[in-house]
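Accompanying notes for the structure given below.
The values are calculated or read from the model by the stated rules, or taken from the named source; none is laboratory data. If you're wondering where the values come from, they're calculated on a predicted model, not measured in any experiment. Cβ sites come from the backbone with ideal geometry, for glycine too, and all protein chains shown count toward neighbours. Quick note on the areas: whole protein, heavy atoms, side chains included, nothing else; ligands and nucleic acids left out. Shrake-Rupley method; radii C 1.70, N 1.55, O 1.52, S 1.80 Å.
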Amino acid sequence: MINTDAEGIVVDRPNRFLCIVNITKPVTMESEMVHVHDPGRLEDILYPGNRVLLKRAAEGKRKTKWDLIAGDIMGEWVLVNSSWHRKISEWVIQNKIIPFLNGIDTVIPEKKFGDSRLDFLLMEKEKSIWVEVKGCTLARGSVALFPDAPTIRGRRHLEELIKARNEGHEAVVLILVFRQEAESFSANKVIDPDFALTFSKAIDAGVKVFPLCFSYEENTIHFRSLLPVFQKS
């Protein structure tokens, strides 16, 4: 469950981590500062006039009283808060959504490999599986695309997974796709050709990619399907 406390209309996005929203439900509040917990551009979601869902922030030393949870795309809510990616991916692993990960004995989050800290190290008897999680909120037609902004960090994670494969480990990328109209997934060559090239190299090296499509309805994340990977030439 990801409960929300308010609905509003985007006024402006001054920077990557801040959005100005006029709250319309359950009360009216103008020009509220809202924290954006997603490093992407989100240009088809966080534009002036679009609807968003907010959650009141926990008390503490911060400038914003609200967290952005979801935005409207064609009448459907799209989760745009990456702080939930850990819980969602843990649910995927624990509930054996991916057959390849069915025999996991141990789950270690935030484990360092090489020069990066990857999201998970999974253990299956003597086998090590390094896992990186990416959230995808962009789609063109029926194709989900990642990234929606150039990402040196994302490319570095793929390079570490390739290194893990070369050292004899298993390596996995979990793509959490929050566009329920998506029927396939592709690396976004237009936005970040270097990431797309490294993505292809990772697949060639044996890194397994699992794009998982989710919807966000009535405060609940629903798993919909495992998407095929489409590699553009």
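Computed quantities for the displayed model
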{"read-out": "Residues of the stretch 41-192: accessible area per residue with a 1.4 Å probe, Å²", "value": "48 Å²"}
{"read-out": "Which of M33, M123, M1 is most accessible, then next, and so on - probe 1.4 Å", "value": "M1, M33, M123"}
{"read-out": "Theoretical gain in end-to-end length, D115 to E59 [0.36 nm per residue, Cα-Cα removed]", "value": "16.7 nm"}
{"read-out": "Percent carbon-and-sulfur accessible area, the chain, ignoring ligands, DNA and RNA, probe 1.4 Å", "value": "50 percent"}
{"read-out": "In sequence order, calculated HN-Hα J values of the stretch 17-32 (Karplus, 6.51, -1.76, 1.60; Hz; x Gly/Pro)", "value": "9, 9, 10, 9, 10, 8, 6, 10, 9, x, 10, 9, 9, 9, 6, 7"}
{"read-out": "Between 0 and 90°, nearest 10: helix 152-166 axis offset from the chain longest Cα axis", "value": "20 degrees"}
{"read-out": "Alpha-carbon radius of gyration plus Dmax, which is the widest Cα pair, for the stretch 1-75 in Å", "value": "11.3, 36"}
{"read-out": "Quarter of the Cα convex hull surface for the stretch 154-233, i.e. its orientation-mean projected area (nm²)", "value": "5.9 nm²"}
{"read-out": "Point-to-point label distance, T24-N50, nm (Cα→Cβ direction, 7 Å offset)", "value": "1.5 nm"}
{"read-out": "From the C-alpha gyration tensor of the stretch 70-157, square roots of 5λ in Å", "value": "27, 17, 11"}
{"read-out": "Virtual spin-label span in nm between D204 and R224, 7 Å along Cα→Cβ", "value": "3.2 nm"}
{"read-out": "Amide hydrogen neighbours beyond the local backbone of H37, cut-off 5 Å, H modeled", "value": "L68, S82"}
{"read-out": "Cα centroid separation, the stretch 134-180 to the stretch 12-56 (Å)", "value": "26 Å"}
{"read-out": "Heavy atoms of K25: accessible area, 1.4 Å probe, square angstrom to 10", "value": "110 Å²"}
{"read-out": "Under Karplus coefficients 6.51, -1.76 and 1.60, residue-wise ³J(HN,Hα) of the stretch 181-186 in Hz, glycine/proline x", "value": "7, 5, 10, 7, 10, 8"}
{"read-out": "Candidate residues K55, K63: accessible-area rank, largest first, probe 1.4 Å", "value": "K63, K55"}
{"read-out": "Dimensionless Rg ratio for the stretch 45-97, taking C-alpha atoms and the 2.2 N^0.38 Å reference", "value": "1.41"}
